[in-house]
Amino acid sequence: MRNAHFGILALAVAALMPRPAAAEDISINYNVDVGPLTMTVVKFTLNATDAGVRAKARIRSNGMSRVFSEYSVVADAETRMVDAKPVPVSFHLLRERDDERKETSLTWTPDGSLTFTPPIKNKEKRERIEAAISSGVADPITAVLRMGATGQNPCPSVHQVFDGRDVFELSLTDKGQGKLGDDAAWRGPVQRCEVTWTPIAGRAKDKGTPGDSYDVAFAAVSKLPSGAQLWLPVQMSGRLKGLGFKAYATKVGAGKDAGGGD
């Protein structure tokens, strides 16, 4: 599910209830359907304070997809707030597929410099990645928070993201306001955006992987403790390897009803 992990993490910071609430503790479950089958399930937890945000997403294969390949992804991120803007602190990604296990860790120092492990062994590839990383690069979860904290509308905006393997750009185009169908978990107004994923450096760029575009519906579902409005995705759709997919929230808990991330 190439590039789906960002999309899943993006949707993993959505909320369901149309009444805005303080973004303190939120626990959300998601389904990702490919064709008629739910191939992936996600559980996400978020805790926000005046100082910053801690978030965890657990992604697992589901149903028939486990017959072909059983996989899980766990992402942990810490973000601090500087002048109401999310700034990355750390990001840890654990990928497990069948008997294979891979870990990636990113750490930002207070002066903004970035270190990542494991180091990229290939010197030319490492230099291309380091040259492509800008001072404002963020991990996937912090990038989603930046989209949501941009003001009255999450799009248009452009964000540079690094997940430890790929540097890529996320460009959001305004597609107008609207409302989801009556069968959707979110029944309030939404801002529709087209999100374009473009590889800049890393594995995807080296392989000549083309960019992808997704349709995303954002909603003003919550507020940060500072009082700033937080826009978050409540639905996303597109195509993966020629097959249509749809990701959507199925359950949310807030405050004392929010559970753990396992």
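The values are calculated or read from the model by the stated rules, or taken from the named source; none is laboratory data. None of these values were measured; they are calculated from a predicted model. For neighbour counting, all protein chains shown are included, and Cβ atoms are generated from backbone atoms with ideal geometry for every residue, glycine included.
Scan the range 83-113 for residues that are hydrophobic (A, V, I, L, M, F, W, C), surrounded by fewer than 17 Cβ atoms within 10 Å (Cβ to Cβ) and part of a strand (DSSP E or B) and jot them down.
Correct list: Leu94 only.
Could we say that Glu103 is at pLDDT 80 or above, touching a Gly at 6+ places or on another chain (Cβ under 8 Å) and of a type in the set (Asp, Glu) here?
Criteria not met by Glu103.
Provide a single number: the residues in the range 147-182 that are in contact (Cβ under 8 Å) with a residue 12 or more places away in the chain, more than 19 Å from Phe116 (Cβ to Cβ) and basic (Lys, Arg).
1
Run down Ala220, Ala143, Ala228, Ala204 and say which single residue is farther than 18 Å from Val32 by Cα and in contact with a Pro (Cβ under 8 Å, 6 or more places away or on another chain).
Going through Ala220, Ala143, Ala228, Ala204 in turn, just one is farther than 18 Å from Val32 by Cα and in contact with a Pro (Cβ under 8 Å, 6 or more places away or on another chain): Ala220.
So in the range 73-100, with the set limited to residues that are over 17 Å from the mean Cα position of the chain (by Cα) and of a type outside the set (D, E, K, R), which one is modelled with the lowest pLDDT?
Ala84
Ser134 versus (1) touching a strand residue (DSSP E or B) at 6+ places or on another chain (Cβ under 6 Å); (2) in a strand (DSSP E or B): which is the lone unmet condition?
(2)
Condition check: out of contact with any Phe, Trp or Tyr (no Cβ under 7 Å at 6 or more places or on another chain), surrounded by fewer than 17 Cβ atoms within 10 Å (Cβ to Cβ) and either modelled with pLDDT of 95 or more or over 15 Å from Val216 (Cα atoms) (or both). Does Asp182 satisfy that?
So Asp182 fits the description; yes.
Scan the range 138-162 for residues that are surrounded by 21 or more Cβ atoms within 10 Å (Cβ to Cβ) and either touching a helix residue (DSSP H, G or I) at 6+ places or on another chain (Cβ under 7 Å) or farther than 19 Å from Val234 by Cβ (or both) and jot them down.
Of everything in the range 138-162, those that are surrounded by 21 or more Cβ atoms within 10 Å (Cβ to Cβ) and either touching a helix residue (DSSP H, G or I) at 6+ places or on another chain (Cβ under 7 Å) or farther than 19 Å from Val234 by Cβ (or both) turn out to be Ala138, Asp139, Pro140, Ile141, Thr142, Val144, Pro154, Val161, Phe162.
Ile129: more than 24 Å from Ala48 (Cβ to Cβ) and part of a strand (DSSP E or B), yes or no?
So Ile129 does not fit the description; no.
Being at pLDDT 75 or above and not in a loop (DSSP other than H, G, I, E, B) is the filter here, so list the residues in the range 213-229 that pass it.
The answer is Ser213, Tyr214, Asp215, Val216, Ala217, Phe218, Ala219, Ala220.
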